[in-house]
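Enquirer: Quick one: the structure is below, questions incoming.
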Amino acid sequence: MSLPPITLTGHAQKEAWQNKVLPPVEHIGGGVWSIPVPFPGNPMRYTLSYLLLGDGDAVLVDPGWDSDAGMDHLTAGLRQAGLGLTDLTGILATHFHPDHLGMAARLRTVSGAWVALGDKEVPRLSAGEDLDLVLHMHREELTLWGVPADRLAEVAMSQSSLTHLLNLADPDLRLTDGSLVPGKGLNLQVVTTPGHSPGHICLVDEPHGLIFSGDHVLPRISPHIALELPGLANPLADYYQSLDLIAFEDQMEVCPAHEYRFRGMQRRAAQLTVHNRDRSAEVLRVLDSHRPGTVWDIARHLTWSRGWASLQAFSLRLAVSETASHVVYLRSQGHDIDVPVTEPCLWVPGYPSIPILGTLR
Ligand SMILES: [Zn+2]
């Protein structure tokens, strides 16, 4: 089925994307600026950070990956908008992933600005966590999914990736669905869009006709929807609902956290829904034809853009956890799938943040 394409608006960003360089700092209009922040060692290459200027208030959305180079780019971008770091009054992340929230802790120290996240957001780790225990449970989860013992070390999260998660800023503010982001002269409404992460939020700036979509809706790639611990019980079901929620209109300009700006939220949401439904259908076909016994077995029979054999380490982990989310979703739709998956569980403050592993069946 061919669906109507989206309309590109971030022309300079798309060109930079194709040329594999960092896009320029851009004044989008009104008091809104786009400032790219490098995402080192990742194919996404950069996070698009957005600066929103109100009456004396200045809020930064998705400050990006924590690095000295990132800090330099942010500082230069703010300067282009006529601001210094100490002029920031608020820092907001669409979700907790380090390429979004990463720089918030450092920026807060310099500026004194508040840090905000969605009220449903669940960071993967909290300060003081026993990293050895976390890694141990994580490996058990991967084993349950059928990751072979000789690939475990490669696929599993490393100590250093955990350290990035440990150093993330704890929010000063939690933003609920429908609330307005604090800031004089700003009109930014929060829409809770779980799926890519448990408490992902998008922001709607109606006066400027802009939607800040974080990683919920990107123009080119389909956001990673994974079964995670801790995390959503059925992330794909939540993702579909969140796509419906944000696709309330089609003409506003979408400002994503990666790639480039575009128009056509309804068109893109429809594409993403179809993409994921096609994937679920493929999982069903694999179950039918290969009778796989584990999530890993399903994953290796699915089609991957560069082939299963090309997937390694981080990308292999994403592939397996994404496959697990399809298994949970299909089961919730009444399909009888006899493949063990981890029982998802949200982290609750005050309780051990790593739940006991178990299988649904
Ligand atoms: Zn991201």
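The values are calculated or read from the model by the stated rules, or taken from the named source; none is laboratory data. None of the values given here were measured: they were computed from a predicted structure. Please note: Cβ atoms are built from the backbone with ideal geometry, for glycine as well, and neighbour counts cover all protein chains shown.
Enquirer: Considering only region 235-262, state which residues are buried (at least 20 other Cβ atoms within 10 Å of the Cβ), more than 16 Å from the ligand (Cβ to nearest atom) and either part of a strand (DSSP E or B) or more than 16 Å from the chain's Cα centre (by Cα) (or both).
Expert: E253, F262
Enquirer: Quick check on my filter: what residues within region 293-313 are in contact with a helix residue (DSSP H, G or I) (Cβ under 8 Å, 6 or more places away or on another chain) and in a helix (DSSP H, G or I)?
Expert: Of everything in region 293-313, those that are in contact with a helix residue (DSSP H, G or I) (Cβ under 8 Å, 6 or more places away or on another chain) and in a helix (DSSP H, G or I) turn out to be V295, W296, D297, I298, A299, R300, H301, W308, A313.
Enquirer: Residue under question is H196, and the condition is that it be within 14 Å of the chain's Cα centre (by Cα) and in a loop (DSSP other than H, G, I, E, B); does it hold? Explain how you work it out, then say what you get.
Expert: Details: within 14 Å of the chain's Cα centre (by Cα): yes; in a loop (DSSP other than H, G, I, E, B): yes.
Yes; evaluated as a whole, the condition is true for this residue.
Enquirer: From the set of residues in region 74-116 that are within 14 Å of the ligand (Cβ to nearest atom), outside any helix (DSSP H, G or I) and not polar (S, T, N, Q), which is nearest to L186 (Cα to Cα)?
Expert: Residue satisfying both the conditions and the ranking: A93.
Enquirer: Output yes when any residue across region 147-163 is over 29 Å from L316 (Cβ atoms) and touching a Phe, Trp or Tyr at 6+ places or on another chain (Cβ under 6 Å), and no when none is.
Expert: No, because not a single residue in region 147-163 is over 29 Å from L316 (Cβ atoms) and touching a Phe, Trp or Tyr at 6+ places or on another chain (Cβ under 6 Å).
Enquirer: Considering only residues of region 44-62 that are touching a Ser or Thr at 6+ places or on another chain (Cβ under 9 Å) and within 12 Å of the ligand (Cβ to nearest atom), which is nearest to Y260 (Cα to Cα)? Spell out the reasoning first.
Expert: Just the residues of region 44-62 that are touching a Ser or Thr at 6+ places or on another chain (Cβ under 9 Å), to begin with: 48-51, 54, 56-62.
With the extra rule that they be within 12 Å of the ligand (Cβ to nearest atom), the set shrinks to 48-49, 62.
Working: L48: 8, S49: 12, D62: 15 Å.
Ranking the qualifying residues of region 44-62, first place goes to L48.
Enquirer: Among all residue pairs at least 6 apart or on different chains, which show Cβ distances below 9 Å where the first residue, located in region 134-158, is surrounded by 17 or more Cβ atoms within 10 Å (Cβ to Cβ) and the second is hydroxyl-bearing (S, T, Y) and part of a loop (DSSP other than H, G, I, E, B)?
Expert: V134/S353; L144/T294; W145/T294; G146/T294; V147/T294
Enquirer: In this structure, does V217 turn out to be in contact (Cβ under 8 Å) with a residue 24 or more places away in the chain, β-branched (V, I, T) and within 16 Å of the ligand (Cβ to nearest atom)?
Expert: Values: in contact (Cβ under 8 Å) with a residue 24 or more places away in the chain: yes; β-branched (V, I, T): yes; within 16 Å of the ligand (Cβ to nearest atom): yes.
The answer is yes for V217.
Enquirer: Also, I was wondering about something else. Listed residues S289, S305; which is among the small types (G, A, S) and modelled with pLDDT under 95? Can you show your working first?
Expert: Numbers: S289 fails: modelled with pLDDT under 95.
Of S289, S305, the one residue that is among the small types (G, A, S) and modelled with pLDDT under 95 is S305.
Enquirer: Something else now. Of the residues that make up region 11-32, is at least one within 17 Å of H164 (Cβ to Cβ) and within 15 Å of the ligand (Cβ to nearest atom)? Even if it seems obvious, please write down each step before you answer.
Expert: We begin by selecting, within region 11-32, every residue within 17 Å of H164 (Cβ to Cβ); these are none.
The answer is no, given that none of the residues of region 11-32 is within 17 Å of H164 (Cβ to Cβ) and within 15 Å of the ligand (Cβ to nearest atom).
Enquirer: Quick check on region 160-174. Is at least one of its residues closer than 20 Å to H326 by Cα, part of a loop (DSSP other than H, G, I, E, B), of a type outside the set (V, I, T) and in contact with a helix residue (DSSP H, G or I) (Cβ under 6 Å, 6 or more places away or on another chain)?
Expert: At the first step, the residues of region 160-174 found to be closer than 20 Å to H326 by Cα are none.
Within region 160-174, none of the residues are closer than 20 Å to H326 by Cα, part of a loop (DSSP other than H, G, I, E, B), of a type outside the set (V, I, T) and in contact with a helix residue (DSSP H, G or I) (Cβ under 6 Å, 6 or more places away or on another chain).
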